[in-house]
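What follows is a set of notes on a single structure, which appears directly below.
Derivation of every value follows stated rules applied to the coordinates shown; laboratory data play no part. Just so it is clear, the structure is predicted and the values come from calculations on it, not from any experiment. Here the Cβ positions follow ideal geometry from the backbone for every residue, glycine too, while neighbour counts run over all protein chains shown.
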Amino acid sequence: MIDSILSINLTDYSYEVESREDLIERWIGGIGLATQLFKERMKDLKADPLSEKNVIVFAIGPFTPAYPYASKTVSVFKSPLTNEFGESHGGGRTAMAIASAGYSAIVIEGVSDKPVYVVIDGEKVYFKDGRSLKGIRDSLILARILAEIEKGRGIRSIIRAGYAGERLVRFACITTETYRHFGRLGLGAVFGSKNLLALVVMGKKSYKTDNPRLYREVYKEIYRLGVESDAMRKYHLIGTAENVLPLNEMRALPVKNLTEFQTECEDISGETLAETRLGRRIACSHCPTACIHIATLREEYEEEKYFYKTLMIGYDYELIYALGSMIGVTEKDSLLRLIHKVESYGLDAISTGVCLAWATEAFKRGIIDVDETLTPLDFGDWRAYMEAIDNLVFQPNEFYRSLAKGVRFASQKYGGQEFALAIAGNEIPGYNTGFSVYFGLLIGMRHSHLDNAGYSLDQKHPDLKPENAVERLVREEMWRQVLSSLVVCFFSRNIYTPQLVSKAFNALAIEMSEDELIKKGEEIYMEKLKLKKEMGYKPSVGDIPERILNISTPAGKLNEKRFETALEYYMQEYWERF
Ligand code: SF4
């Protein structure tokens, strides 16, 4: 296993490498390792996330250089959006680039006194003056310039914050390569606060196993399961955008700030986008599925007739929900323009869409007016949303400065908290499937649907008693700590069963039984829970907006009592035990 950790200090432009076999043996890698490094280095857990005290950790896992779908990198930081534990996973080439550079994790501390980007080329680290690159409004252009001036074409990863990060939008994301992100919870703003524009990572290390025969056997098994699986084929063909029509059909698609659950969405469905706009599919490193769908949109230049630019725009279900149905935009090219704008700035799309949806409802109810929004907002009016997104980033007035801190913050200041759709401060994803998804967001470490997949539990078991739902959500999240420590793509979770993970470890000459794996998942979960507690978080039904507490879902109408019963059980069985 790779056991080297690279620590970078932006304050004095220093770096050092150390071996941390102790941590890797104990905590696997990925989220297990990143959590421990964060605990060690983040001296003041109550510190302002945008101060120099915040620490960023990127970590890969033991499977990264070895197996298909081990394509993700975990990042950990204190979130400027929720003010507690921040975790985000990104794909692209980043994980392989970190492995090729020879590291299991990269820790970033301090703050640079001028804009800087950092090049990690194997054992060497270069701090590069980024003053001429600050203020570039399109993250794609920043990446293109870095690609031109830095070496490593084909092996490097370019991980950068966009202009939204520079402007400290609390839900700014990090983009890696062109179409992958460390989204949710505001890592882009943390980069911005550190005056860090980008990381460029590359190296030439390769790895060998002592047991090539068994390794080849396991590799082939994982590969075959991937390419022959119907589920993975679905990700390749239409991608997660395939969810649009079924969720709409079952009245689980959030529409117009969750005031409706069904809409005319044929034109923004995965099927229509694939048939009419799909230009290509791409994959993260060593992934045989290639689920990343890229649409082409031809736009005429305003000043010149018959002059066109062709935009290549990545899309998936969450983007279609957040910048489509949630704000009433149901025409594909308008949706793609909004996605492109959000992508160019480096904004988290889910948070942006939910903020815009809340602002629209607040505007229509007269809670705020055009003095605040600067343009009249109405569901479906994509042109107004293009302006509003510019305003979110440039923050020309107090209203947009507040909205750039997230929907919870803005609604506390202006009103409309009952329909500000964030749970524990994180804007909600697009699944109005039932009780488990919303309760899962409350107790999940990231307050994300990816923590424990409550949306899936709702569809398979809509009638679970609250206590049983809690048990299933927590067990799922515990196992996901193992997957996040390896670090494999969650789309391959049905391939990476405990049995196969144990066998894959054996092929790398590491003994790890299924029971041990399950125990490690529980331990990592508990470590994160303790950290959240120390950062001041405590789940409460009050963290769920009123609109959700009594909402209609395909699994029946929700009620507050059910949330209270589930929370009481969760606090007793998990939260208060540690
Ligand atoms: S399935 Fe998609 S997100 Fe997952 S590793 Fe492959 S290309 Fe990346």
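Quick notes on this one:
- Placing +1 on the Cβ of every Lys and Arg and -1 on the Cβ of every Asp and Glu, with no other charges, gives the stretch 4-202 a dipole of roughly 640 debye about its Cα centre.
- Computed over the stretch 427-577: relative contact order in percent, which uses C-alpha pairs under 8 Å that are six or more apart: 28
- Farthest toward the positive end of the dipole of the chain, out of I5, L37, H89, is the Cα of I5, where the dipole comes from beta carbon charges about the Cα centre.
- Relative contact order (%) - criterion: Cα under 8 Å, at least six apart; region: the chain: 15
- Most positive-pole-ward Cα, I510, W479, L450, against dipole of the stretch 436-525 from beta carbon charges: L450
- Ranked packing of 162-170, 212-220, 357-365, 147-155, most packed first, by mean Cβ within 10 Å: 162-170, 357-365, 212-220, 147-155
- Per-residue 3J(HN,Hα) values for the stretch 246-263, derived from phi via the Karplus relation 6.51 cos²θ - 1.76 cosθ + 1.60 with θ = phi - 60°, read x, 5, 5, 4, 8, 6, 10, 8, x, 10, 6, 6, 6, 8, 9, 10, 8, 7 Hz in sequence order (x marks Gly and Pro).
- Rounded to 5, percent antiparallel among DSSP beta bridges of the chain: 85
- Inter-centroid distance (Cα atoms) of the stretch 311-360 relative to the stretch 456-478, Å: 30
- Span from the the stretch 513-539 Cα centroid across to the the stretch 379-444 one, whole angstrom: 28
- Taking a ≥ b ≥ c as the square roots of the eigenvalues of the Cα gyration tensor, an a/c ratio of 1.5 or more together with a/b larger than b/c marks the stretch 88-130 as prolate.
- 36 Å tail of the calculated P(r), the chain, as % of Cα pairs: 30
- Between R280 and N506, the distance separating the two model label sites (each 7 Å from Cα on the Cα→Cβ line) works out to 4.1 nm.
- Against the empirical 2.2 N^0.38 Å (N residues), the stretch 347-413 has a Cα radius of gyration ratio of 0.95.
- Separation in nanometres of the label points that stand 7 Å from Cα toward Cβ, at R131 and E418: 5.4
- In the chain, the DSSP-assigned H stretches of four residues or longer account for a calculated mean residue ellipticity at 222 nm of -12500 deg cm²/dmol, using -39500 (n - 2.57) per stretch and the full residue count as denominator.
- Projected label distance in nm at R547 and R577, using a 7 Å step from Cα toward the beta-carbon: 3.6
- Sorting 128-135, 253-260 by average packing, meaning the other beta carbons within 10 Å per residue, from highest down gives 253-260, 128-135.
- Above-threshold pairs, the threshold being 23 Å between Cα atoms, out of K72/K220; K405/K532; K533/K557; K72/K530: K533/K557; K72/K530
- Gyration tensor verdict on the stretch 4-202 (Cα atoms; rounded if a/c is under 1.5, prolate if a/b is larger than b/c, oblate otherwise): rounded
- Extreme residue, positive dipole direction of the stretch 182-311, given options C265, T240, G188 (C-beta unit charges): G188
- Prolate/oblate/rounded label for the stretch 427-577 (Cα gyration tensor, a/c 1.5): prolate
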